[in-house]
Amino acid sequence: MALLNASLCCSTPKIPSRSHLLLPPSISLHSTSQVFNQQLQATRNFVLSLGQPTFLAFVSASLFLADPALAFKGGGPYGAGVTRGQDLSGKDFSGKTLIKQDFKTSILRQANFKGANLLGASFFDADLTGADLSDADLRGADFSLANVTKANLSNANLEGALATGNTSFRGSTINGADFTDVPLREDQREYLCKVADGVNPTTGNATRETLLCD
């Protein structure tokens, strides 16, 4: 028994070497290092061959492909500031030219767009609660899924605007607004017809007629 205990105590199990565990028999640590160095040198030579201007362009393109948000610089061709996905509550955009401006998913509560040129602008899924859109040019604007409740749309021109999905105009003032060719849900049309009045000063169209109320 003493002999057996001594054997168990003092014997050391044989542990395979690191190279045996990690590398196939045909590949040595030396050869792996050589391959890595060759690849590193090839990459360095490629970068140097590009030249600085081309290399910077290459990096910029890589960033754009990796994350489009990094390449996003503005909200539209006329508005240099970033207006997409922002909290712009109470901001004053009155009288500004914001053609095709991107306000997607932005919070625009009580924002002032009075008399602004918003031709083709996007308010997709935006919150326009209490916003002033009176006298604004909103032709072709996208209000899909937008919250336009309690907004002022007096004398606004919305010809051809989009209002698909869950768009709501509940509580909004629409005297003199032009809704020609706006694809409204039937429940929204019925609601707006109850409060529709006036004639648009730009198009000369009666609000009720553009909503097909009669």
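The values are calculated or read from the model by the stated rules, or taken from the named source; none is laboratory data. Bear in mind that the values here come from a model prediction, so they are computed numbers and not experimental data. Reconstructed Cβ throughout: ideal geometry from the backbone, glycine too, with neighbour counts over all protein chains shown.
Residues of segment 144-157 that are over 12 Å from Gln188 (Cα atoms), in contact with a strand residue (DSSP E or B) (Cβ under 6 Å, 6 or more places away or on another chain) and without any contact (Cβ under 8 Å) to a residue 40 or more places away in the chain: Ser144, Asn147, Asn152. Residue pairs whose Cβ atoms lie under 6 Å apart, separated by 6 or more positions or on different chains, with the first residue in segment 166-188 and in contact (Cβ under 8 Å) with a residue 24 or more places away in the chain and within 16 Å of Asn147 (Cβ to Cβ) and the second among the basic types (Lys, Arg) and part of a loop (DSSP other than H, G, I, E, B), do not occur. Taken together, Asn155, Asn166 contain a single residue that is assigned to a loop (DSSP other than H, G, I, E, B), in contact with an Asp or Glu (Cβ under 8 Å, 6 or more places away or on another chain) and not β-branched (Val, Ile, Thr), which is Asn155. Residues of segment 186-193 include none that is assigned to a loop (DSSP other than H, G, I, E, B) and not acidic (Asp, Glu). Taking Phe143, is it farther than 21 Å from Asp102 by Cβ, buried (at least 23 other Cβ atoms within 10 Å of the Cβ) and not basic (Lys, Arg)? No.
When segment 176-190 is limited to residues that are touching a strand residue (DSSP E or B) at 6+ places or on another chain (Cβ under 9 Å) and crowded, with 17+ Cβ neighbours inside 10 Å, the one that is modelled with the lowest pLDDT turns out to be Gln188. Taken over segment 99-129, the residue count meeting the criterion of being farther than 19 Å from Ser154 by Cα, assigned to a loop (DSSP other than H, G, I, E, B) and aliphatic (A, V, I, L, M) is 2.
Residues that are among the β-branched types (Val, Ile, Thr) and in contact with a strand residue (DSSP E or B) (Cβ under 6 Å, 6 or more places away or on another chain) do not occur anywhere in segment 159-166.
Report the residue count in segment 79-95 for those that are at pLDDT 95 or above, farther than 17 Å from Val148 by Cβ and not in a strand (DSSP E or B). Counting residues in segment 79-95 that are at pLDDT 95 or above, farther than 17 Å from Val148 by Cβ and not in a strand (DSSP E or B) gives 2. When the residues of segment 81-110 are filtered to those that are of a type in the set (A, V, I, L, M, F, W, C) and within 13 Å of Leu128 (Cβ to Cβ), the one that is surrounded by the fewest Cβ atoms within 10 Å (Cβ to Cβ) is Ile107.
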